[in-house]
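Asker: My questions all concern the structure below.
Laboratory data are not the source of any read-out in this text; all were calculated from the coordinates shown. All values reported here derive from a predicted model rather than from experimental measurement. Quick reminder, even Gly has a Cβ in these numbers, built from the backbone with ideal geometry, and neighbours come from all protein chains shown.
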Amino acid sequence: MHLDERKMKILQAIIRNYLETGEPVGSRTISKYTDLNLSSATIRNEMADLEELGYIVQPHTSAGRIPSDKGYRLYVDSMMQENERQVEELKEMLVEKEEKMDHLLKQVAKVLAVNTNYATMITAPRYQKNKLKFIQLSRVDADQILAVIVTEGNVIKNSMIPVSETLDDETMLKLNILLNTNLNGLAIEEINLGMITLLKAQAGLHGSLIGEVIDAVAETIKEDEDLEIYTSGTNNIFKYPELADQKRASELITTFEEKQLLSKLVDDNMEEGTGEIKVYIGEEAPIQTMKDCSIVTANYEFGEGMRGTIGIIGPKRMDYEKVVGTLKTIKVQLDTLYQKDLKEE
């Protein structure tokens, strides 16, 4: 349902007041907080409608209301349509050329944490459409072959493939020629079902082996074992009572320290490409330990085909406007930093 202007202003006032105080918001507070010049009775009626529509909820027996996830979602979506805010103090830091990528990314995570008072993360850039340079099949013994897969950047990965047939030297040579002639220079996304079917047909009796080799290629290219994630500001979690109880805080800090779970968040964002800012509110979060949080993320492009993810994690009452504005500035600066360095070289 589309809210009229009055309801929208009241909802925004409730959310902004709750962001500032962390306390349920009553009609008298809203009457002083907005420029609508409405009586407390009128505001109470509008708040009752907003509660019935699911945008605000009444905690316990308090007379005040707090935003629901649905209310936060409407607030974020409408806010993100407005002109983005520029965060000037971050620009100067990002335009300075850093000697090492990891130092730059650690500094970005630290500055984001200090600037927002939330927990932050940023991943090192990685190829998203990694292309094959070479495949070498070698016979290990009668029961298995070794597939050596070389991708862009001269990254070498190995995969052992079991075989149920004896492969002589001539057969191995033909299979290597077939695979390299057709697959070299392709990203895994470009190897479609029609191409695989054609390759299997050309391989004849060894068609099933071709399918296993392509599966191994896909698996090795998509491995995330080299993903670097830098975090900062985890202690900021204790600043927010709704996240600071022992169980929640412990789970969140463990998530940041171990980092494996953060890869789920990265994968979810990489599927979205390098588009707009993405906001997860409460149950929308892809990580179970962050269901009481809000997460704001953006992907940055650092050179052709290399992407990374930036994320800010805080309470659902986070300052969305500041966070989104900050991320947009960071994203733009990182997107242009690589091109700037190329020009300087």
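Asker: Among I330, I145, which comes first, then next, by fewest other beta-carbon atoms within 10 Å?
Answerer: I145, I330
Asker: Could you sort 15-26, 242-253, 48-59 so that the peptide with the highest average Cβ count within 10 Å comes first and the rest follow in order?
Answerer: 15-26, 48-59, 242-253
Asker: Shape call for segment 5-79 from the C-alpha gyration tensor, a ≥ b ≥ c root eigenvalues: rounded (a/c under 1.5), prolate (a/b greater than b/c) or oblate?
Answerer: rounded
Asker: I've got another one for you. Quick check: net charge around A147, other residues with Cβ under 12 Å of its Cβ, Lys/Arg +1 and Asp/Glu -1?
Answerer: -1
Asker: Follow-up. Does segment 132-221 classify as rounded, prolate or oblate by the C-alpha gyration tensor (a ≥ b ≥ c root eigenvalues; a/c under 1.5 gives rounded; else a/b over b/c gives prolate, otherwise oblate)? Mind dumping the intermediate values first?
Answerer: Values: a/c = 1.73, a/b = 1.22, b/c = 1.42.
Oblate is the answer for segment 132-221, as a/c is 1.5 or above yet b/c matches or exceeds a/b.
Asker: Here's another thing I want to ask about it. Under a Cβ-Cβ cut-off of 11 Å, what is the net charge of the residues other than Y75 that fall near it, where Lys and Arg count +1 and Asp and Glu count -1?
Answerer: Details: positive: R16, K70, R73, K316, R317; negative: D69, D77, E321.
That sum, taken over residues with Cβ under 11 Å, equals +2.
Asker: Oh, and also: Give me the extension gain from V150 to A218: residue separation times 0.36 nm, minus the current Cα-Cα distance, reported in nm with one decimal.
Answerer: 23.3 nm
Asker: Of K9/K32; K264/K322; K131/K157; K239/K291; K131/K278, which ones are farther than 22 Å apart at the Cα?
Answerer: With Cα atoms farther than 22 Å apart: K264/K322; K131/K278.
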